[in-house]
Each structure stands twice: as C-alpha cells, then as structure tokens.
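A.B. asks: Quick one: this structure, given as structure tokens, is what I'll be asking you about.
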Amino acid sequence: LDLNACDFGDLILHCVKIFEKNSDIREIYSNNFKYILVDEYQDTNFIQSRWLNLLADKHQNICCVGDDDQSIYSWRGAEIKNFLEFDKVYKNSKVIRLEENYRSSQNILSVASNLIANNLNRVGKTLKTTLDEGDLVQLNCYKNGKDEAIGVGDEIEKKLKKKYSLNNIAILVRAIFQTREFEERFLKIGLPYRIIGGIKFYERAEIKDCVSYLRLINQDKDDLAFDRIVNNPRRSIGETTIKQIHEFAKKNSINLEQASRKLIELNMIKPKTKIGLNSFLNLVQKWRHDLKIKKISHIKLLQIVLDESGYSAVLKNKKDLENENRLENIKELLSAMKEFDNLENFLEHVALATSIDQDWDGQKVNLMTMHGSKGLEFDVVFLPGWEEGLFPHQKSIEEKGQNGLEEERRLAYVGITRAKKIALISFSMNRFYQGDWIDSMASRFIDELPDKNIKKNSFFDENIDNNEEDFDFNQDFESEEQGRSPGWIRYQKRIK
C-alpha cells in the first residue's frame with residue numbers, strides 16, 4: 001500500500017475482489033470468456049481457483065488439465081484440493097483419464113504407480129505405455145553416502161556413458177545439499193556435470209562466505225576474503241568506510257586488515273562504524289588464536305566462527321525455505337571438511353574445485369532437485385538418498401502430517417517418472433552429518449516398491465532381511481511424536 005504497487009498475487013486478488021463486489025463487471029468478463037482452458041491445474045492456489053470460478057460463472061465451459069499425482073508445490077501455496085474437488089464445484093463435469101504414457105518403459109511406470117497408489121487423496125489412474133517392459137528398476141543399498149557417490153559415478157563411467165549421452169543422465173536429489181558428495185566424486189574422476197536450477201556447491205553464497213572466513217583466518221593478506229565478510233553479517237560498515245580502507249591500504253602498500261587496524265588506531269573511522277569494525281578484527285584475531293594456540297580442529301573452528309560472528313543466528317532468525325537450504329548446505333560443508341586433515345588442505349581443495357571450468361556447453365551429467373525436475377525427462381535417472389528423515393523429509397511430516405507424507409510420495413512419483421529407460425533408486429546405511437556418522441534408515445517408500453519390477457544389488461541382499469514381518473509406518477501416525485510410528489522404529493532395527 002505504501003508504494004501503491006502490486007505483486008502477481010495481488011493482481012489476482014484484486015480481480016477477485018472486483019468480481020465479487022461488482023456483478024456487472026463480473027458479467028462483462030464472464031461473457032468475454034466463453035471457453036476456458038487451464039493447464040497444470042494441480043498447481044493452482046485458492047485465489048487462482050476462485051478467480052477461474054468467477055470467470056467461468058456465465059458459460060460454465062471450463063476444461064482443466066493436470067495430474068494430481070504431481071502436485072508437489074504446497075510450499076508455494078498450491079492446493080491439491082482444487083483438483084480433487086473439481087467435479088463438486090462444477091456440476092455435471094466429465095473426467096477424462098489420460099492414461100497412456102509416451103515417455104517411460106512399463107517397469108518404470110509400474111513402480112511409480114504401485115508407489116503412488118498408497119496415497120489416499122487422489123483421483124487415481126492406471127498408466128500404460130506403448131513401449132516394451134524395459135529394464136527393471138534398480139534398487140541399491142550402499143554402506144555410506146560416499147560409497148553411494150562412488151557407486152553412481154562408477155555406474156556412469158563404466159557402463160552408461162558408453163550407451164547414453166551424459167546430457168541424458170540425471171541425478172535427482174531431495175535436498176540441494178546432497179549434490180556435494182556427487183560433485184566431489186565427479187571432480188575426482190573427471191566426470192563433467194552441471195547443476196540445473198542451482199549453483200555448484202562451492203559457488204553457493206553461504207559456502208563462499210564460510211570459506212572466506214576460514215581463508216582470512218588462515219591468511220591475513222587475503223583481501224578478497226576480507227572484502228566479502230567484513231560486513232557479513234552486517235556490522236554497520238558501509239561502502240564509504242570500505243572504500244576508505246581500500247584507499248588507505250593502496251596508499252600505504254598494506255593489506256585491508258592492516259589498513260583497518262591502522263585507521264582505527266588513527267581514529268579515522270566514525271564511532272558507530274569503529275565499534276563494528278573493531279569487533280570484527282578482534283574476533284578474527286581470537287579465531288586465529290583458537291586455531292594455532294588452542295589447536296582446535298578446522299571443523300570446530302568453523303562452528304565457532306558461525307556462532308560468534310552471528311552468521312548462523314541471521315539464517316536461523318529468518319525462517320524461510322531459502323535460509324533452511326543455506327543452513328543445510330553449511331552442515332554439509334562441515335561434513336566435507338571432515339575428510340581433510342587440516343585447514344590448509346581443505347582450503348587447497350576448495351581452490352582447486354572452484355577453478356574447474358564452469359562452461360555450460362558440452363556433454364555433462366545433470367544434477368538437480370526432484371522439485372526442479374518436474375516437466376523434464378532423461379534416458380537415465382538416479383534417485384539417491386531414499387532414507388527416512390531425508391526422503392520423506394522429516395520436516396514435511398512434522399509440519400503437515402499425513403498430507404506432508406503424501407506430497408513427499410508424489411515427489412517420489414515425479415522423480416521416478418522422469419526416467420525414460422533406466423531408473424536407479426538408492427539409499428545408504430550411514431550418513432556423515434555435521435562431523436559425525438549417523439545411522440540411516442531406508443525410506444518407507446522402498447517397502448512400497450513392487451518386487452517384480454525391481455532388481456536389488458548384492459549389498460542390499462546381504463544387509464536387508466526381506467523376509468521379516470511387514471512394517472506399518474503409519475500405525476498411530478498422528479499420535480507418535482514427529483510421525484515416528486512403532487513401525488518406523490522397528491524398521492530402524494531391521495536396517496541396523
């Protein structure tokens with residue numbers, strides 16, 4: 001209101017308000033739209049659905065195309081209820097099921113259909129294809145996340161790239177931080193890759209911020225690192241002060257940190273800015289002391305830096321999906337650092353990783369989230385990380401209960417049906433998380449895959465006893481804390 005401006009959602013909201021309050025205006029526009037066709041109807045929100053309802057008021061000629069099994073954007077406001085209750089809103093409507101699939105082999109469709117059939121809130125359909133049965137969907141169990149990345153890399157290098165273009169191979173993850181282990185492995189074996197709908201791990205802003213803190217602690221002459229983090233998070237150090245520091249450093253042939261200390265000493269910095277700058281410089285000095293004198297590990301060092309600088313607090317205080325992803329990426333960075341003996345070795349690795357050619361062209365394996373893959377297709381699709389807490393994501397279950405679980409299952413359906421010829425699902429028995437190994441549990445979705453359409457690797461058969469009793473993850477679902485049903489706990493024991 002203050003700016004007299006509207007965003008996209010406001011434009012639709014105001015249209016709805018005008019139509020509801022002014023029947024004459026509604027009639028004019030309703031007359032103008034004799035036929036209305038809507039695509040991707042499962043992704044509409046409440047106000048969009050209401051707007052369509054008002055526009056179609058006169059002629060009642062509205063055709064909506066969509067797939068309720070691919071409704072995966074509730075976090076953007078999408079209401080699957082719009083799709084499921086369409087025939088109740090528009091009386092005498094006709095439902096036409098489009099069940100012939102032109103993309104995937106029958107084995108892939110059978111696995112996806114069997115999985116999604118466990119959802120209660122759906123219209124329902126039976127997918128069939130004109131293609132042959134195709135390869136069985138592979139189900140692989142790995143010892144840990146690193147082995148999973150090695151296994152995927154080897155499968156591509158030794159088998160798949162001889163038959164398929166790398167451009168037609170995709171790795172679809174539930175959370176963007178999962179790409180890190182694959183990126184590390186692909187860099188090591190020289191397998192080219194691209195991140196679709198995202199940025200390579202070490203190029204992400206929060207990762208560059210963390211690395212810049214570590215670089216400055218390691219080397220006070222690193223002016224690029226100083227420049228990036230001196231006012232990140234904000235310390236009342238504006239552009240004018242930073243320019244002043246640069247000019248003083250250049251004039252006296254010293255680095256930016258030395259210039260800052262000298263300017264404070266000469267009392268040439270404004271009082272408010274001086275407080276923030278002096279606090280930052282003192283922290284940097286303390287962290288160097290912690291590293292070199294107290295001999296703390298580089299992992300513990302970063303945890304201290306994130307806490308004492310206020311960087312973590314800024315991300316935690318602003319609770320949205322973007323900041324949650326940033327926090328997950330930082331946790332993954334801490335895991336990555338565990339693989340190096342000291343800070344110098346880690347920083348050397350980062351320097352090499354970020355110097356790799358970023359050219360988008362040429363043949364490259366595609367890495368992306370399952371959300372980002374909707375609408376795309378590939379000959380070969382890897383679906384790693386099918387573990388409880390990660391997929392289905394624990395937060396979705398905690399916040400939305402059964403509805404969250406069903407949306408996670410729809411996401412699994414979307415992921416599987418991106419594959420045209422080969423689909424490979426995998427999980428690991430251990431994950432390295434924030435510097436510690438934690439036991440993982442195979443996703444409940446794995447129990448919902450039809451045996452006749454899948455092929456398990458030998459490690460899976462050695463470690464998972466499939467002759468055990470069936471487990472009901474949803475038993476007492478609503479009453480169990482964080483959705484952890486007795487079946488969920490028994491399944492953990494089975495995996496171990």
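A.B. asks: LYS294 accessible area, nearest 10 Å², 1.4 Å probe?
C.D. replies: 130
A.B. asks: Charges only on Cβ, +1 for Lys and Arg, -1 for Asp and Glu: so what's the dipole of region 107-245 about the Cα centre, in debye to the nearest 20? Can you show the working numbers first?
C.D. replies: Details: 24 positive and 19 negative charges, 49 e Å.
Using only the charged Cβ atoms, the result is roughly 240 debye.
A.B. asks: On to the next question. State the answer as a single residue: which of SER236, LEU411, LEU131 lies farthest towards the positive end of the charge dipole of the chain, with beta carbon charges of +1 for Lys and Arg and -1 for Asp and Glu, about the Cα centre.
C.D. replies: The Cα lying farthest towards the positive end belongs to SER236.
A.B. asks: State the antiparallel share, in %, of DSSP beta bridges confined to the chain, rounding to the nearest 5.
C.D. replies: Looking only at bridges with both residues in the chain, the antiparallel portion is about 15 percent.
A.B. asks: Treat every Asp and Glu Cβ in the chain as -1 and every Lys and Arg Cβ as +1, leave all other atoms uncharged, and give the resulting dipole magnitude about the Cα centre to the nearest 20 debye.
C.D. replies: That gives the chain a dipole magnitude of about 1460 debye.
A.B. asks: Continuing with this model, one more query. Counting only protein chains, not ligands or nucleic acids, how are MET429, MET368, MET268 ordered by accessible area (probe 1.4 Å), most first? Walk me through the intermediate numbers first.
C.D. replies: Working: MET429 30, MET368 0, MET268 95 Å².
Output order, biggest surface exposure first: MET268, MET429, MET368.
A.B. asks: If you bin the C-alpha pair distances of region 22-135 every 10 Å from 0, what whole percents do you get?
C.D. replies: 13, 36, 30, 15, 6, 1
A.B. asks: Let me ask another. Can you compute 3J(HN,Hα) from phi for each residue in region 381-394, using the Karplus curve 6.51 cos²θ - 1.76 cosθ + 1.60 with θ = phi - 60°, rounded to whole Hz and x for Gly and Pro?
C.D. replies: Taking θ as phi minus 60°, the curve returns 10, 9, 10, x, x, 7, 9, 4, x, 9, 8, x, 6, 4 Hz for region 381-394.
A.B. asks: Can you compute the helix-only [θ] at 222 nm over the chain? Use -39500 (n - 2.57) per DSSP H run of at least 4 residues, normalise by all residues, nearest 500 deg cm²/dmol.
C.D. replies: Computed ellipticity for the chain at 222 nm equals -14500 deg cm²/dmol.
A.B. asks: Residue farthest toward the positive end of the dipole of the chain, with Cβ of Lys/Arg at +1 and Asp/Glu at -1: which of GLY9, ILE36, TYR213?
C.D. replies: The Cα lying farthest towards the positive end belongs to TYR213.
A.B. asks: While we're looking at this one, here's another question. Distance check, please: which entries in LYS272/LYS300; LYS243/LYS292; LYS300/LYS364; LYS146/LYS300; LYS251/LYS272 exceed 28 angstrom between their Cα atoms?
C.D. replies: Exceeds cut-off: LYS272/LYS300; LYS243/LYS292; LYS300/LYS364.
A.B. asks: How big is D, in µm² s⁻¹, for region 116-248 by Stokes-Einstein at 20 °C and 1.002 mPa s if Rh is the Kirkwood radius over C-alpha pairs?
C.D. replies: 109
A.B. asks: Along each principal axis of its Cα atoms, how long is region 119-189 end to end? Whole angstroms, biggest number first, please.
C.D. replies: 45, 31, 23
A.B. asks: Could you run the Karplus curve 6.51 cos²θ - 1.76 cosθ + 1.60 with θ = phi - 60° over region 27-44 and give me ³J(HN,Hα) per residue in whole Hz, x for Gly and Pro?
C.D. replies: Along region 27-44, the couplings run 5, 4, 6, 5, 5, 5, 10, 6, 10, 10, 10, 10, 9, 6, 5, 5, 9, 6 Hz.
A.B. asks: Okay, moving on. Just need the relative contact order of the chain here, percent rounded to a whole number, with Cα pairs under 8 Å and 6+ apart.
C.D. replies: Result for the chain is 22 percent.
A.B. asks: Of THR354, ALA112, VAL65, which is farthest along the charge dipole of the chain in the positive direction, counting Lys and Arg as +1 and Asp and Glu as -1 at C-beta?
C.D. replies: THR354
A.B. asks: If DNA, RNA and ligands are ignored and the probe is 1.4 Å, what is the ranking of GLU206, GLU20 by accessible area, most exposed first?
C.D. replies: Sorted descending by solvent-accessible area, the residues read GLU20, GLU206.
A.B. asks: Tabulate in residue order the Karplus-calculated ³J(HN,Hα) for region 422-431, using 6.51 cos²θ - 1.76 cosθ + 1.60 with θ = phi - 60°, rounded to whole Hz; enter x for Gly and Pro.
C.D. replies: Karplus values, whole Hz, x for Gly and Pro: 9, 10, 10, 9, 8, 8, 10, 8, 9, 10.
A.B. asks: Still on this structure: Using a simple charge model, +1 on the beta-carbon of Lys and Arg, -1 on the beta-carbon of Asp and Glu, nothing else, what dipole does region 1-149 show about its Cα centre, in debye to the nearest 20? Kindly include the intermediate steps, with their values, before the conclusion.
C.D. replies: Values: 18 positive and 23 negative charges, 96 e Å.
Dipole magnitude for region 1-149 comes out near 460 debye.
A.B. asks: Using Stokes-Einstein with the Kirkwood hydrodynamic radius over Cα pairs, what translational diffusion coefficient do you get for region 212-327 at 20 °C and a viscosity of 1.002 mPa s, in µm²/s rounded to a whole number?
C.D. replies: 143
A.B. asks: Leaving ligands, DNA and RNA out of it, report the carbon-plus-sulfur percent of the accessible area of region 242-342 at a 1.4 Å probe.
C.D. replies: C and S atoms contribute 51 percent here.
The values are calculated or read from the model by the stated rules, or taken from the named source; none is laboratory data. This is a predicted model, so every value here is computed, not measured. Note that each Cβ is placed from the backbone with ideal geometry, even for glycine, and that neighbours are counted across all protein chains shown. All accessible areas refer to the heavy atoms of the entire protein, side chains included, with ligands and DNA or RNA removed. Shrake-Rupley method; radii C 1.70, N 1.55, O 1.52, S 1.80 Å.
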